[in-house]
Structure formats: structure tokens, C-alpha cells
1. If I build a Gaussian network model for the chain, linking alpha-carbon pairs within less than 10 angstrom, which residue out of ILE80, ILE119, ILE294 has the largest mean-square fluctuation?
2. If packing is taken as the average number of other Cβ atoms within 10 Å across a peptide's residues, how do 103-112, 201-210 rank, most packed first?
3. With the full set of protein chains in place, find how many percent of the accessible area of the chain is carbon and sulfur; take the probe as 1.4 Å.
4. Bin width 5 Å, origin at 0, all Cα-Cα pairs of the stretch 259-333: what percent of pairs per bin?
5. Taking only protein heavy atoms into account and a 1.4 Å probe, give the accessible area per residue of the chain in Å².
6. Just for the chain, what percent of DSSP beta bridges are antiparallel, to the closest 5?
7. How would ASP224, ASP301 line up by accessible area, probe 1.4 Å, largest first?
8. Going from the alpha-carbon gyration tensor of the stretch 67-107, what semi-axes, largest first and in whole Å, does one get by taking the root of 5 times each eigenvalue?
Amino acid sequence: MKKKILVTGGCGYIGSHTVVSLIENNFEVTIIDDLSNSQEDVIDSIKEITGIKPNFLKCDLKNKDHIDNILKYHKGFEAIIHFAAHKAVGESVQNPLMYYQNNLTGLINLLVCAQKYNINNLIFSSSATVYGNPESLPISEKNKTQRPSSPYGNSKKVAEEIIEDLATASKDFSAISLRYFNPIGAHKSGLIGELPTGIPNNLMPYITQTAIGLREKLMVFGNDYPTKDGTPIRDYIHVEDLADAHVKALSRLLNKSQETNFEIMNLGTGNGFSVLEVIKTFEEVTQQKLNYEITQRRSGDVPKLYADAKLAEEKLNWKAERTLNEMIKSSWIWEQKVRKQL
Ligand code: UDP
């Protein structure tokens with residue numbers, strides 16, 4: 001019998017890649033998603049990739065009764081992987097309450113219902129933003145967290161604290177929080193990838209949209225940071241590597257291999273690349289000239305963020321394998337495919 005897993009936000013960017021990886025590893029997946037920042041036809045693409053259509057139920061996690069009803073009639077989930085959240089940093093600064101309401105009320109409703117129906121395993125989609133401007137590099141899980149500068153980031157930090165408190169109170173409950181560095185790339189099939197609504201905030205979709213002609217030019221936010229070329233350094237990780245890590249973390253939960261019932265792990269490659277290095281690699285890999293201009297710093301950006309990725313390697317037997325070239329190539333293939341369809 002296949003193990004049943006509930007994936008919230010499974011139609012989204014990281015969620016959809018994880019659903020593919022779960023199906024390929026023989027799990028039975030049910031997605032709940034409110035489609036606020038994703039499309040239902042992702043389900044068909046997942047079927048095209050894996051040959052199996054995941055179950056799908058439209059559900060807004062702010063509606064607790066709806067979650068309750070779903071869990072009442074769909075029994076037997078062994079774990080929840082929780083991706084569903086708003087994620088636009090700038091929007092969260094403009095509208096903090098919307099972010100706290102969605103990301104935290106959604107989490108609390110989900111946990112209350114999971115407790116009621118005895119679903120005791122959770123994987124949480126967290127972010128390296130909880131480290132703020134790190135005191136030391138590479139960033140290990142032992143680094144202190146700091147209050148993130150955006151309500152989005154803070155919603156991730158507070159969510160981790162809520163999950164930790166529940167793990168302290170309930171020994172039956174087990175959770176792993178995965179702190180992502182900078183996920184980019186798309187599935188090798190070219191069938192799923194990142195689809196930002198409106199003007200992208202993140203570097204990679206901004207680059208590919210500029211190269212395809214949707215944006216006039218990329219603004220490089222500052223070249224006066226204390227880094228090798230003055231532009232900020234980040235740890236970019238292929239979304240397929242990230243997806244595989246979720247399956248490994250799930251196995252750790254289901255096999256009861258955890259050392260404590262709340263664990264935190266970084267998901268990164270351990271390598272840092274500057275914005276200019278990413279641009280240069282994009283130009284080399286795709287043979288496209290990118291129109292860009294150096295402008296002033298973006299508020300809230302820190303000079304360097306890259307992971308100490310050893311803990312996940314040791315505990316999950318997982319290591320990010322795909323190179324920056326592969327990440328960029330797959331992002332570009334995806335961008336070209338999407339624009340043809342729209
Ligand atoms: N960045 C940039 N121009 C853009 C978007 C991002 O120069 O249009 C830079 C940003 O300053 C940061 C890096 O690219 O140094 C990665 O930013 P992103 O928003 O993708 O991720 P973050 O690390 O901020 O979560």
C-alpha cells in the first residue's frame with residue numbers, strides 16, 4: 001500500500017516539483033491549494049511527467065472548517081508537507097496583516113486539524129531569511145536567527161516557533177523545518193517551473209523575462225557590497241534537488257529516525273555566486289546577451305548568504321547535485337516554453 005501524503009500548496013513552484021518527486025518515490029499524493037498564486041493545470045503537467053495524477057482539492061487554509069471537512073472524508077494521511085503561503089517580500093511589507101493572516105492562520109488551522117485527525121508528521125517549508133544578516137558564514141543551523149526584515153520572512157520565523165512549541169507540548173508530533181536558500185531552475189521535462197504573477201521580485205525569473213523581451217532590463221541592486229565583485233552573493237539551489245530533499249526528510253520522519261521531534265535543516269549547495277556571476281553564466285549558457293544596469297541597493301538585502309549544507313547531508317543522506325549551469329539552462333528552457341503557451 002502506498003503511503004498517503006497531504007501536500008499544501010502542491011500546485012506552486014516548489015510544491016509541484018516535490019509532488020513529482022513524491023510520486024516517483026511511490027507515495028500517494030493529495031494536493032490542497034487555493035490557487036491564489038498557481039494554476040490547476042499544473043496537475044496535468046505532473047501527470048504527464050509521472051504518469052499518475054495526484055488528487056487535488058481546492059482549499060484555502062484560512063478556512064478551518066474546510067480543512068476539517070477534507071480530513072474527515074479523506075483519511076489515512078501519514079504526513080503533511082506544508083508549502084502553502086504567500087511569498088512576495090515587497091508585498092508583505094505593504095500588507096503585513098494579509099501575510100500574517102494567510103501564513104500563520106493557515107498554519108495554525110492546519111495544525112489544529114492535523115492534531116484532531118491524528119496526523120503527526122509535518123515537513124515545513126522555511127527559508128534562510130530567518131538568519132537575517134548572518135554573524136558568520138557559511139550559515140549553519142547553529143547560527144542564531146534574527147528578526148527578518150520583512151513580514152514574509154518573519155511569518156516563516158514565527159511559524160517555526162509555533163511548530164517547535166507544538167513539538168515540545170506533544171511528543172507524538174514530529175516535524176522537520178527545511179530552510180531553503182535560493183531555489184531556481186525548473187523540471188528537466190520543461191513541463192513545470194516558476195510562474196511569478198506580475199513583475200518578478202527574484203533574480204532568476206527577472207533575468208529570463210528580460211532575455212525573452214518581457215522586461216526591458218534587469219536592475220542589479222548595488223555593486224558596492226563587500227564581496228568579490230561588489231554584488232551580493234547567494235546560494236542558488238536547483239528546485240529538483242530541493243524536491244528530492246523533501247522526500248528524504250519525509251522518509252526520516254516516517255522511519256522515526258529523528259534525534260528530536262523538531263529538527264531544522266538548511267537546504268543549499270554550500271556555494272555562493274554573485275549577481276554578476278549569475279548574469280555571466282546565463283549569457284554563456286544561453287548565448288543570450290542580457291540587458292542590465294547597476295542601480296542602488298535594494299533595502300533589506302544582505303551582502304552574503306550561503307549555507308553550511310553538512311547537516312542535511314549527514315541526516316538525510318542528501319546533497320544538492322545540480323550545477324548553476326543546469327539551474328540556469330532549465331530556467332531558460334522553461335521561460336521559452338511558457339511564453340510560447342501564453
Ligand atoms: N537582485 C537584483 N535584481 C533583481 C532581483 C534580485 O539585483 O531584479 C539581486 C538581489 O539584490 C540579491 C540577489 O539578486 O542580491 C537574489 O535576490 P532574490 O530576490 O532572487 O533572492 P533573495 O536572496 O533576496 O531572497
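The values are calculated or read from the model by the stated rules, or taken from the named source; none is laboratory data. Source: prediction; values computed, not measured. FYI the Cβ positions are ideal-geometry reconstructions off the backbone, even for glycines, and counts take in every protein chain you see. We work out accessible area using only protein heavy atoms, side chains counted, and drop any ligands, DNA or RNA first. Shrake-Rupley method; radii C 1.70, N 1.55, O 1.52, S 1.80 Å.
1. ILE294
2. 201-210, 103-112
3. C and S atoms contribute 47 percent here.
4. Histogramming the stretch 259-333 at 5 Å steps yields 3, 12, 17, 18, 16, 16, 9, 5, 3, 1 percent.
5. Each residue of the chain exposes 46 Å² on average to a 1.4 Å probe.
6. 5
7. ASP224, ASP301
8. The equivalent ellipsoid of the stretch 67-107 has semi-axes of 28, 11, 6 Å.
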